[in-house]
Number of protein chains: 2
Amino acid sequence: MAVAMISISLTQDYCSFKWGLPNGFLRKQILTETSTTAKLKFSCPPTLEASFKKTAIYVLSPNKSSPSVMMPELLDGWNDEYGGVIINPESLPMSANAFASAVQASLFNWKMKGKKGVWLKILKEQADLVPIAIQEGFNFHHAQPGYVMLTYWIPSGPCMLPDSPSHHIGIGAFVINDKRECPCSCSGVWKLPTGYINKSEDIFSGAIREVKEETGIETTFLKMVAFRHAHKVAFEQSDLLFVCMLKPLSSEIIIDEKEIQSAKWMALDEFIEQPYYEDDHLSNKIIDICIAAHEDNYSGFTGHQLNSKLDGRLSYLYCNHVN
Amino acid sequence: MAVAMISISLTQDYCSFKWGLPNGFLRKQILTETSTTAKLKFSCPPTLEASFKKTAIYVLSPNKSSPSVMMPELLDGWNDEYGGVIINPESLPMSANAFASAVQASLFNWKMKGKKGVWLKILKEQADLVPIAIQEGFNFHHAQPGYVMLTYWIPSGPCMLPDSPSHHIGIGAFVINDKRECPCSCSGVWKLPTGYINKSEDIFSGAIREVKEETGIETTFLKMVAFRHAHKVAFEQSDLLFVCMLKPLSSEIIIDEKEIQSAKWMALDEFIEQPYYEDDHLSNKIIDICIAAHEDNYSGFTGHQLNSKLDGRLSYLYCNHVN
């Protein structure tokens, strides 16, 4: 514990300040108290002392008849359902100084109110504010082109905010015709169409799109037969690759030569015998599953669009049929 | 097209510079050329003109006998397998000015070399560099506590860099004992244990952990019976929730009261009849599937640890059994 001394001007909020100290501050002693000023002595954890000294005065509303403290503006925001605050990204002060003061005052205010997680979205155009937010104790959470999201966890103890999105979702597409041929594309080796799904794209739609892009073949989705979960792939993040069976609706191969060297219908046996796949347990298992599914000896998951009353969402449930 | 005029000092690299112009710059005319200086006139797209004027001189090595051009340091980095560059985050100049010069010079250098995507990871401690990188044309890509990743796409045309991770992965756990009771936890309503998996955690491990955390029950994973794919959930990102069947290995309910109000073994019929779940098509379908799986009338996916020779990874393939 450390001791912090502070002189403050008395205001209408003084009493609530005196008694409503945020977690982590233990009021010890009123040293002097007149009708207009007070000198207080606090003990608080050393980690909070600097922040307290800087920001304590901000939480006091000025006495309107004799304002002795300038109140910095508080950041605009709204409460989330987990006891946290989401700062309105459109209300951030433009100047660095005003932003720093507003962050300090707001954090102190939220600490007093017992708030938990604070979410601060900074747009690309406001990037000057990023170092200031970091300096005030925020950390990076996630980012997308156009913005970065920062967070601040107020309570003591570990941060309970949800992690940033952690997974890329890919698809691998197994399309087979009556002659036991699959459309394959080539960028060195002949492979089944694969790719990542787009933002907010469904798995079955992503599979249909990738087959079309890589081979020109139109398809319809039959079922998802297996998926692979791999960790520490791109940027140390994780990857889910869903293997989908699709039925061809066209036969003409059309490719975009900027993207793909070549594509063709390839006999399944020829595909399997490529040395590239020999001894690759994962590929072999997946191909076995696809062949079994094609021969109706394997059941995968189909997609069912269902509404959830609980969260008001229409989404896809992928599941097997009940026997 | 715009016209850019530039005077340069001649160096040993002048000839390679004259002929080795990067994409987008068309050399038009040498206006004057002496043994030590040259005045060149270029036409280039208006968007590149400013960048060119600023950085053209950087690509010339100084003539060692009479150095007339200061070469800023280039950023250290390595090539990725897609024709791009990954900047070494440990080599970034600390000063804002040195960083800005190095970014400009490096981008020009990479443009000349026909590089594509540039990856710039900035650690929390270097956050001062974020606004400079944004000003030089970088955009946010993704972030994690401790760093933000920025990217720059050099070629004309749309950015072909992979998106940032887009999905949170959750689990819902259905555990049932011989008396047709499930361990449920309560935070307002009685619900099955659910939660997000941790970084690099497997789906089955996440399910076992969440059941333990929310109810204290030890379990073993049986199978994954269905999953829901929902879009525009937290931060406009997507969500995959995997419904897992687990077998209880213990029976004593133990909860952390800071996290959970209460938990108990709840008769399945009582659970289903909660008004909260009535008319919720998604919940009803999931419960039907879980009951069918418990009664051996439904087959889900089990996890198989397999090695892939292709990418050298040991990972889990979730699939059904082949009949």
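Secondary structure note: in region A:167-298, about 70% of the DSSP beta bridges are antiparallel.
Taking other C-beta atoms within 10 angstrom as a stand-in for reagent exposure, B:Tyr276, B:Tyr318, B:Tyr152, A:Tyr82 fall in the order A:Tyr82, B:Tyr276, B:Tyr318, B:Tyr152, fewest first. Considering only alpha-carbon pairs that sit under 8 angstrom and 6 or more positions apart, the relative contact order computed for region A:179-232 is 25 percent.
With only the Cα atoms considered, region A:202-267 has a convex hull volume of 121 Å³ per residue. Plainly put, the tip 7 Å out from Cα toward Cβ on B:Tyr276 is 5.0 nm from that tip on each other copy, the closest given first. The Cα center of region B:268-312 and the Cα center of region B:206-245 differ in position by 10 Å. For B:Gly312, the point set 7 Å out from Cα toward Cβ sits 4.9 nm from its twins in the other copies, listed from shortest up. In this simple spin-label approximation, A:His304 and B:Leu249 carry label points 7 Å from Cα along the Cα→Cβ vector, and these lie 3.2 nm apart. The local environment of A:Ala207, defined by Cβ-Cβ distances under 15 Å, has a net charge of 0 under the rule Lys, Arg +1 and Asp, Glu -1. Label points for B:Asn79 are taken 7 Å from Cα along Cα→Cβ. From this copy to the others they lie 5.8 nm apart, shortest first. For region B:66-168, the set of GluC sites (Glu not before Pro) satisfying both a DSSP loop assignment and a count of at most 14 other C-beta atoms within 10 Å is given as B:Glu73, B:Glu81. Inter-chain Cβ neighbour count for B:122-133, averaged per residue, equals 4 (cutoff 10 Å, partner chain atoms only).
Across region A:270-276, coupling constants 3J(HN,Hα) worked out from phi with the 6.51/-1.76/1.60 Karplus curve, θ = phi - 60°, read 4, 4, 5, 7, 4, x, 3 Hz, and Gly and Pro carry x.
Amide H contacts of A:Ser250: A:Glu218, each under 5 Å away and 5 or more positions distant or on a separate chain (H built 1.01 Å from N in the peptide plane; Pro and chain starts excluded). For A:His141, neighbours were defined as the other residues whose beta-carbon sits under 11 Å from its Cβ, and their charges (Lys and Arg +1, Asp and Glu -1) total 0.
With 21 Å as the limit on Cα-Cα distance, the pairs of A:Lys212/A:Lys264; A:Lys199/A:Lys258; A:Lys191/A:Lys247; B:Lys191/B:Lys258; A:Lys116/A:Lys199 that go past it are A:Lys199/A:Lys258; A:Lys116/A:Lys199. Considering every alpha-carbon pair of region B:131-271, the percent of pairs per 10 Å bin, from zero through the bin containing the longest distance, is 11, 32, 26, 15, 11, 6, 1.
Projected over all directions and averaged, the alpha-carbon convex hull of region B:197-323 occupies 10.8 nm². Charge tally around B:Arg313: other residues with Cβ under 12 Å, Lys/Arg +1 each, Asp/Glu -1 each, net 0.
Counting only Cβ charges, +1 for Lys and Arg and -1 for Asp and Glu, the dipole size of region A:77-153 around its Cα centre is about 240 debye. Applying the Karplus relation 6.51 cos²θ - 1.76 cosθ + 1.60 with θ = phi - 60° to region A:93-106 yields 3J(HN,Hα) values of x, 7, 7, 4, 5, 5, 5, 4, 5, 5, 5, 4, 5, 5 Hz, where x marks Gly and Pro. Given q = 0.18 Å⁻¹, what are the Debye log10 I(q)/I(0) values for region B:77-153, with equal point scatterers placed on the Cα positions and solvent ignored? Values, matching the q order: -0.67.
When the Cα positions of B:Leu107, B:Gly146, B:Gln126 are compared along the charge dipole of region B:77-153, B:Leu107 comes out farthest toward the positive end, with charges on each C-beta of Lys, Arg, Asp and Glu.
Since every read-out is calculated from the coordinates, none of them should be taken as a lab result. Predicted model, so just to flag it, every value in this text is computed and none were measured. Using ideal geometry, Cβ is built from the backbone for each residue, glycine included, and neighbour counts are taken over all protein chains shown.
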